[in-house]
Each structure stands twice: as structure tokens, then as C-alpha cells.
Amino acid sequence: MSIKKATEKSKDLSSSLPILFIGGDLGDRTLAGKAFRRHAMDVILEFVPSGKEALDIIRRQSAVAVFVNQSLPDMDGFTFLREVKKLNLPTPLIMIMENDDEKLILKALREGAYDFLNKSSRSFHTLPVVLDRCLARHEVVRQKAAKEKLITESKKNWLAILDGITDFIFMTDTEGRIIKANRAVSNHFGKNPKFMAGVQYHDLFGTELPNETGVATANQPSTQEIAIDGDTYLISSFPLQYDNKPTTIYVLKNITEMRRLKEQLHHADKLASLGLLVSGVAHEINNPLTGVIAYAELLEMELAEMESKIKVKKILDSAERCKKIVDNLLTFSRQQISTKTLESINDIIERTLDLRNYWLAVHNIQIVKDYHNIRAVFVDAQQIQQVILNLILNAEHAITSHNKQDGKITLVTRYDRDKHHVVIKISDNGPGIPPNIMPMIFDPFFTTKPVGVGTGLGLSISYGIIMEHGGTIRAESHEGEGVTFAIELPLPSKNLQ
Ligand SMILES: Nc1ncnc2c1ncn2[C@@H]1O[C@H](COP(=O)(O)OP(=O)(O)OP(=O)(O)O)[C@@H](O)[C@H]1O
Ligand SMILES: [Mg+2]
């Protein structure tokens, strides 16, 4: 391989990379070297005799540019161009043509040559000028490619961020058609992300979104709550001029769980202050009430006359009912000390059912049991039994008060592996709870039962007990289709078992 270096003072070519000059005879090389020296360009000219050797060099190292003669000893210049093209190199190639044949010049440009010059001693003088022009053009192309790469990467990053967010984010046109949506939307609706564009959002969500024209009102961002599929979403819409067209960006956050926790907290707060008041009153009433009951019992025994005996018995019955209410109030205000032991939830349910089996059979209410074999829970069995009993009593009442003939109460126990919780579900096929009273059912003294039938304390006591056990209780009901009460109780950590 013959290599000759020509280094002169440079104007703008200060790179330490070489310029390859492939093929040509000694005369050509001398002329080329001279041309660069005359232009006072500081370049390293590497003369490579054959195409194959040149390809080896190119594969190993970069070059500022490559001058290749149309005919080489081992291949023609066009084959060389094709081989270089395969390598997808950023180096500009300039072909030194044998003559002015336009067809061949065009072929060279098509095969990937950046430029060409004619092989005559005169045109060799223009070699540095051609190189300069090539490099300038190459630099523009390089910068454009770098910019495009940057844009693609930044687009990819933004997409990754948007797809990583679990809230629904999407953009619509003025007709409410989706222009773009993040992965949370396509995943939720089980759609291929590629086919989201053009879909009408109300076909997806089954509801109109705020600013249904698709553009946020008066071009102002807005936030409000909407219900979708029984869940509550906080929806924010932002107007945006995109591609010279008015569009809206929507962000939907599911706040159902957050809402429930807030309500629970609010309820617990309410219960705590009411509990304090109630426990004071209950204690005050308890003592005189014990006196009333004791003396009424004595009087009943002492009286001989039947009519008076019946009257005193009525006093006794009423006083005992008061006592029951006071006891309930004391439970509600959690003045009773709970004693927790490891218990089987299925056994507690069975023991509770034993208390009601006769009554349920008499009223023709079917009991369906679906128990899972779940680990023991750390609970106060008496209190949990009271909760189950309250729920069964409510279910019974709901069924019988509506004269339902095929009454059914279903009891389910499950283990929720993810939450490490025991789940108890008690459902009935009664009339259900109307949505307007649903938010109040756990409130103390809330009842829809006639005076003297219900105190409205059953569910609030149950709520207090379950909270005290670190669990949750909630009701789900579709009017006319009965109610399901779901209780979740945490399981003790494994080392407690
Ligand atoms: N399974 C159910 N089906 C329909 N409504 C129900 C059901 N369970 C509770 N409710 C409604 O919730 C209200 C409150 O229930 P809660 O158990 O707290 O009080 P109550 O049953 O009315 O009175 P108490 O339990 O003190 O005898 C009920 O009055 C009823 O309107
Ligand atoms: Mg009740």
C-alpha cells in the first residue's frame, strides 16, 4: 500500500482523520497532493491503491472524505460505492470520473457519490474546492440528522413519561375524536394503542365529558368530577392550539378510593365525637335504670293482684328495652374492653347462624354458604359475632318486610392474597338500599325502620368494631337487587401465627 502524507497550514480542516485517495497513478497522486498544498489545507492524504484495501481501512477507521477513481485495479468505482453504501458510513464520497459521460456521472451519484470531478490535470486543481463544498453539504446533512435524532429521542422520552402515568391522558379534536391517548386509556379499554386515533371519546367512556364540543370552555382549563362505570373521576381539560387547530387535552384521575377513604375518615371523626357524648349519657342512665328494673322486679313479685302485676310487667319490659339500648350505646361508644384471640372467621359465622337458623327456616329464607379455608384472624369473637348478627338481622328484615318469598342470604369468606386480608361478604336479595340513603346507613341513629323497631345503631356499632380491628366495612347495592356488605379484616403477620 502506498501512502503519502501532505500536511500544510490549514484553513478549516484541522481534523486528524485522513482523506483517502483510492486508485490513480503516481501522476494523479502528485497532482492531488499539489492541489491541497496550493490551497494551504492541512490535510492527511492517504493514497490507497486498491478498492479492497480501501474498504478494509474504512471498516477500521473513519475518514474526512474519500476520493475514488472510476476504475480501480481490483473493482470498478461503482462497485466500491455500493460496498461503502452497505456500511452506512457518514463519510462523503467523491468519484473521479474518466470522462464527461453524463450517464455514468448520474450512475455514480445514484450509487451514493456526494460529488464528482473529471479526471484531467486541470480539474485536479479543483479537488480542494470540491472537497470543501462536499464537507459543507455533509455538515448540513449531519446536523439535520443529529437534530432529527434528538427530536426522536425526546419524543420517545415524553411518550415513555405519558405511558408511565396511570391516569387517563388524551387529546381530542373539536368533534370529540381522540387524536392521541396514553397507554392507560388503551389498556383500560383493551384497545390496541395504534387504533386509538379517531375513536369518539363518548364511545369509550359511555358519557359526555365536560366541554363536549371538545374544546375547553372559553379556552380556560377546567376541573370537575364525573362518574364513569360506577367510579368517580376528577377530570381536567386544557385547551390547546395543536397543528393550528383547536384541541382539548383531558386528564382523568380515578379518585374513587381516595373519596372512600376521605368519607371513612369523616365518618370516623363523627363517630368519635358522638361516641364521647353517648357514653356519658349512657353511663348516667345506666344506674337509675338498674334501679328501675330491680324495683319493678321486686314489685312484680310482691303484687298479688293480676291487673297491677301486668302493668308492672309492662314497666319492666320497657325498662329492659331501655337497658338493651343503653348497652348498645355503650358498645357503640366502645366503652367495652375487647379481648382479641386467634379465631376462625368461618366458625364465628357458623356460631352466629346457629342463633338465627330456626327463625330463618320458619321464614323460608335460604342460606347459601361459600367459605374458603382461611387462616385464623386476631379478633374479639364476641364483637365480630355481633357485627355478623347485625348484618344478618338487617338482611332478614329487608327480605321479610318486603314479603319476599324466595329470600336468600349468601355468606362468602375469602382470602385476599394481595392485601393479606380476610374478606367476608354478606348479601341478601332484598329490595336494596336507595342511593340517596346509602351515604347515611353507617350514621348512628339512622334508621328507616318504624319507631320502636330499629334504633339505627346496628351498622354504626358494626362500623366501630371493624375500624377498631383495623378493617373496613362497606355496602354495595343496586336498587331492587339486594345489598352486599363487604368486610375486610387484616390477617396477623406470619410470625404471630
Ligand atoms: N340489608 C339491607 N337491606 C336494605 N336496607 C338496609 C340493609 N341493611 C341496612 N339497611 C338500611 O340501613 C339502615 C340502618 O341500619 P342499622 O342496622 O344501622 O339500623 P337499623 O337496622 O335500622 O336498626 P337496628 O340495627 O338498631 O335495629 C336501616 O334502617 C336500613 O334502612
Ligand atoms: Mg340493624
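The values are calculated or read from the model by the stated rules, or taken from the named source; none is laboratory data. From a predicted model like this one, the values you see are computed outputs, not experimental measurements. Cβ placement follows ideal geometry from the backbone for every residue including glycine, while neighbour counts extend to all protein chains displayed.
Being free of Cβ contacts under 8 Å to residues at least 24 places away in the same chain, surrounded by 16 or more Cβ atoms within 10 Å (Cβ to Cβ) and in contact with a helix residue (DSSP H, G or I) (Cβ under 8 Å, 6 or more places away or on another chain) is the requirement here; does LEU289 meet it? Quick ask: steps written out before the conclusion?
Working: free of Cβ contacts under 8 Å to residues at least 24 places away in the same chain: no; surrounded by 16 or more Cβ atoms within 10 Å (Cβ to Cβ): yes; in contact with a helix residue (DSSP H, G or I) (Cβ under 8 Å, 6 or more places away or on another chain): yes.
Against the criterion (free of Cβ contacts under 8 Å to residues at least 24 places away in the same chain, surrounded by 16 or more Cβ atoms within 10 Å (Cβ to Cβ) and in contact with a helix residue (DSSP H, G or I) (Cβ under 8 Å, 6 or more places away or on another chain)), LEU289 does not qualify.
Rundown of residues vs (1) away from ligand 2 (no atom under 16 Å from the Cβ); (2) not assigned by TED's automatic domain parsing to the domain that holds ALA296, yes/no style:
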position	(1), (2)
CYS322	yes, no
ASP327	no, no
ALA361	yes, yes
LYS369	yes, yes
GLN383	no, yes
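If we only count strands (runs of 3 or more DSSP E) wholly inside region 295-408, which ones have 2 or more residues that are buried (at least 17 other Cβ atoms within 10 Å of the Cβ) and β-branched (Val, Ile, Thr)?
On the way: elements: 341-343, 366-370, 377-379.
Filter on region 295-408 gives 377-379.
Table: residues versus (1) more than 15 Å from ligand 2 (Cβ to nearest atom); (2) on the phi < 0 side of the Ramachandran plot; (3) not aliphatic (A, V, I, L, M).
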residue	(1), (2), (3)
GLN405	yes, yes, yes
ILE409	no, yes, no
LYS419	yes, yes, yes
ASP428	no, yes, yes
PRO439	yes, yes, yes
PHE445	no, no, yes
TYR463	no, yes, yes
THR472	yes, yes, yes
GLU479	yes, yes, yes
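Counting the residues of region 216-256 that are closer than 21 Å to ALA184 by Cα, among the β-branched types (Val, Ile, Thr) and not in a strand (DSSP E or B) gives 2.
Yes/no matrix, rows are residues, columns are (1) out of contact with any strand residue (DSSP E or B) (no Cβ under 9 Å at 6 or more places or on another chain); (2) not in a loop (DSSP other than H, G, I, E, B):
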{"site": "PHE67", "(1), (2)": "no, yes"}
{"site": "THR91", "(1), (2)": "no, no"}
{"site": "MET95", "(1), (2)": "no, yes"}
{"site": "ALA145", "(1), (2)": "yes, yes"}
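Quick check on region 16-27. Is at least one of its residues over 23 Å from ASN118 (Cα atoms) and at pLDDT below 80? Yes.
Here is a yes/no grid of residues against (1) under 38 Å from the mean Cα position of the chain (by Cα); (2) more than 15 Å from ligand 1 (Cβ to nearest atom); (3) without any contact (Cβ under 8 Å) to a residue 24 or more places away in the chain:
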{"residue": "ASP327", "(1), (2), (3)": "no, no, yes"}
{"residue": "THR339", "(1), (2), (3)": "no, yes, no"}
{"residue": "GLU343", "(1), (2), (3)": "yes, yes, no"}
{"residue": "ASP347", "(1), (2), (3)": "no, yes, yes"}
{"residue": "VAL362", "(1), (2), (3)": "no, yes, yes"}
{"residue": "LYS369", "(1), (2), (3)": "yes, yes, no"}
{"residue": "HIS372", "(1), (2), (3)": "yes, yes, no"}
{"residue": "ARG375", "(1), (2), (3)": "yes, yes, no"}
{"residue": "ASP380", "(1), (2), (3)": "yes, yes, no"}
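Exactly one residue out of ASP231, ASP173, ASP203 is of a type in the set (D, E, K, R), surrounded by 10 or more Cβ atoms within 10 Å (Cβ to Cβ) and touching a residue at least 60 places away in the same chain (Cβ under 8 Å): that is ASP173.
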